[in-house]
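Asks: Okay, here's the structure, questions in a sec.
The values are calculated or read from the model by the stated rules, or taken from the named source; none is laboratory data. These numbers were taken from a predicted model, which means no experiment stands behind them. Cβ: placed from backbone, ideal geometry, glycine included. Neighbour counts: every protein chain shown.
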Amino acid sequence: MTVWDIMRLRVANPATIGKFIAYLPQFIRLFCRLMVDKRVSLLTKAVPLLGLLLLLSPPLLELDMIPLIGELDAIVVIGLTLKLFVWLCPPDVVREHVARIARGA
């Protein structure tokens, strides 16, 4: 996977949105497990916090007054931040947690 693949915007169709919603609980479990795992660096753990800080910054808060754009920018920032967080985590740690979640542990 290249940087261009990550940055490329994909048009969401109903099937993609349905898959995203179906896997959302597992992704939240993965995120929580990675945040408490000591093998993930503090710098990597700071990425979601910086994304949250960006959402609370005054320029983005002003965009929230515009009906549709305010929600879209929040979704994009949250999605890219969480994707970047998982991407920066050590791959073997991510695979280990994904396997445990798949087994139901």
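Asks: Scan the range 35-44 residue by residue and report those that are within 13 Å of Thr81 (Cβ to Cβ) and in contact (Cβ under 8 Å) with a residue 40 or more places away in the chain.
Replies: The initial filter retains those residues of the range 35-44 that are within 13 Å of Thr81 (Cβ to Cβ), namely 35, 44.
Result: Thr44, single match.
Asks: Answer yes or no as to whether Pro25 is closer than 26 Å to Val93 by Cα and either modelled with pLDDT of 95 or more or within 12 Å of the chain's Cα centre (by Cα) (or both).
Replies: Working: closer than 26 Å to Val93 by Cα: yes; either modelled with pLDDT of 95 or more or within 12 Å of the chain's Cα centre (by Cα) (or both): no.
Criteria not met by Pro25.
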